[in-house]
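Single-structure report; data block below.
The values are calculated or read from the model by the stated rules, or taken from the named source; none is laboratory data. In this text, all values refer to a predicted model and were calculated from it rather than measured experimentally. Heads up, the Cβs are rebuilt from the backbone with ideal geometry, glycines too, and the neighbour counts pull from every protein chain shown. Ligands, DNA and RNA are excluded from the accessible area calculation, which covers all protein heavy atoms including side chains. Shrake-Rupley method; radii C 1.70, N 1.55, O 1.52, S 1.80 Å.
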Amino acid sequence: MTDDHALRRVGLVAVHTSPLAQAGTGDAGGLNVYVDNVAHGLARRGVEVDVFTRRPAGDVPSTVEVEPRLRVHHIEAGPPEADKSELASHLCAFYLGMADHPAARASQILHAHYWMSGWVGLRAQSRLGIPLVQTFHTLARQKNATLAPGDNPEPALRLAAEQRIAVHADAIVAPTPDEAAFLRREMGASRVHVVEPGVDLSTFNTAAGRSWTADLLGGGRDARVVLFVGRLQPLKGPDTAVRTIAALAATMPADAPPVRLVVVGGPSGNGAGVVDPPALQALAEQLGVADRVAFLSPRSHEQLAALYRAADVVLMPSHSESFGLVALEAQACGTPVVATDVGGLRHVLGPLEGDPGGGTLVAEHDPNAFAKALLPYLLDPAVRAEAAEHAIRRADRFSWDATVERTLGVYEQALGLRDAVVQRGA
Ligand code: UDP
């Protein structure tokens, strides 16, 4: 690397959702947490960071100075209240607003998050003559392959856009070796780098919980708590979580402590009406377990950490999952996770270089199978304690610092490659 290649300024593109938004509802989830951590990490290493996102509803300034060297720019693109499903028709407006922005023109490299940002990024890549790095966060082909009942397949436009981006981006960042292999094998991508997301161990750890969690979780001191955390979408299977509690209630021994399900998160995406809290409550009533299910609005990471610690086990009955930050955060708090054996959850929770993860992967998407997997963690303190040890060890392998370091390496390589292409006059 010569000094000409030194990275000074990067543009992060997150069209449909802002790192400033509270994760756990609407369109805000793991992507927001990822962009937020990478942006802060880069800024703290001395890189100027500009995040470009769509102007949300409400009175927000055009630019928010988040910390020294980190700015979030709000780009006008369609009505602020437009739903994510309508955003494809506003991508041209976003591209025009961003490509003319002085901060984009000063960027040496763009890193786009999700397919809509990649679509914008591909155009900006040629207009600005700078490399494009892409993180998909989810791939439509993988999501469509294991759709939740009632969920809509991802549209042809997204499939086509992801295919183009996979081939034309200067670098692609995949969160797991499995996703990288899929991108290479099924989509013809060649410049794929595995960069694992991280977890903030200063927040998610086993420090003593706070007393307020007991009131929030309810059910008395003896109750066993199964925790579900995430956006309430069919893809995440919150309805399966309710069915699992009903299956547990039917199979637990008569003298066992009462078991409760606590659901943390808010309505999201096209599943907003299908698995929102009233619909889940109605399902719980129909199954005779309404008094065993509680709903909490989205929480900050500090509050979530206390909830993970207070829970006996975290349940993730997802139909698909690109990574699954929740599984990592819960393990960092020493809480075992029971999750579907899909996507990134295999990497976060399954065996890794000889280490078992802190929990159980369940092959069938079946409430009885999830209930069976949960039982040992709820009833056998020795099993739970052993899983907690494995969980903490697994989480220790991940950190946002490592994510940022590796991401910087990808940027530097992409910049070097791009300069080499320019020098050759290509
Ligand atoms: N989250 C949060 N508050 C909530 C619920 C979720 O901050 O009330 C965060 C959670 O801590 C995690 C992210 O949202 O960091 C969800 O990421 P994950 O990869 O599990 O799912 P995604 O949203 O990407 O599908």
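Values for this structure:
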item: Potential lengthening between N152 and A6 on full extension [0.36 nm per residue; Cα-Cα distance subtracted]; result: 48.2 nm
item: Accessible surface, 1.4 Å probe, highest first, among residues V383, V51; result: V383, V51
item: For the chain, built as a Gaussian network whose Cα springs stay under 10 Å, the top-fluctuating residue of E86, E353, E154; result: E353
item: Top positive-direction residue, dipole computed over the chain with Cβ charges, set A327, A254, A373; result: A327
item: Placed amide H near F52: partners under 5 Å, 5+ positions off or other chain; result: L12, V13, A14, H73
item: The chain, helix-only ellipticity at 222 nm - DSSP H runs n ≥ 4, -39,500 (n - 2.57), divided by all residues, nearest 500; result: -12500 deg cm²/dmol
item: Under-5 Å amide H pairs with T25, H placed in peptide plane, nonlocal only; result: G266
item: Per-pair calculated FRET efficiency, R0 = 25 Å: Q303 and A385 via Cβ, rounded to 0.05; result: 0.50
item: Rounded D (µm²/s) - segment 282-426, Kirkwood Rh over Cα pairs, Stokes-Einstein at 4 °C, 1.567 mPa s; result: 74
item: Where only alpha carbons of the chain are counted, the Rg and the Dmax (Å); result: 21.8, 77
item: Cα-only radius of gyration and Dmax that characterise segment 27-117, units Å; result: 13.1, 37
item: Stokes-Einstein D for segment 75-148, Kirkwood Rh over Cα pairs, 20 °C, 1.002 mPa s (µm²/s); result: 160
item: Two-site label geometry, T203 and C92: point separation in nm, points 7 Å out along Cα→Cβ; result: 3.9
item: All Cα pairs of segment 239-279, percent lying beyond 15 Å; result: 51
item: Listed residues D151, D222, D396, most fluctuating in the chain (Gaussian network, C-alpha, under 10 Å); result: D222
item: Accessible solvent surface per residue of the chain, calculated while the other protein chains remain in place, 1.4 angstrom probe, Å²; result: 40
item: Under 5 Å, built H, 5+ apart or other chain: amide partners of V362; result: A339, T340, D341
item: 5 Å binning of all Cα-Cα separations within segment 220-371, expressed as whole percents from 0 upward; result: 2, 10, 20, 24, 23, 14, 6, 2, 0
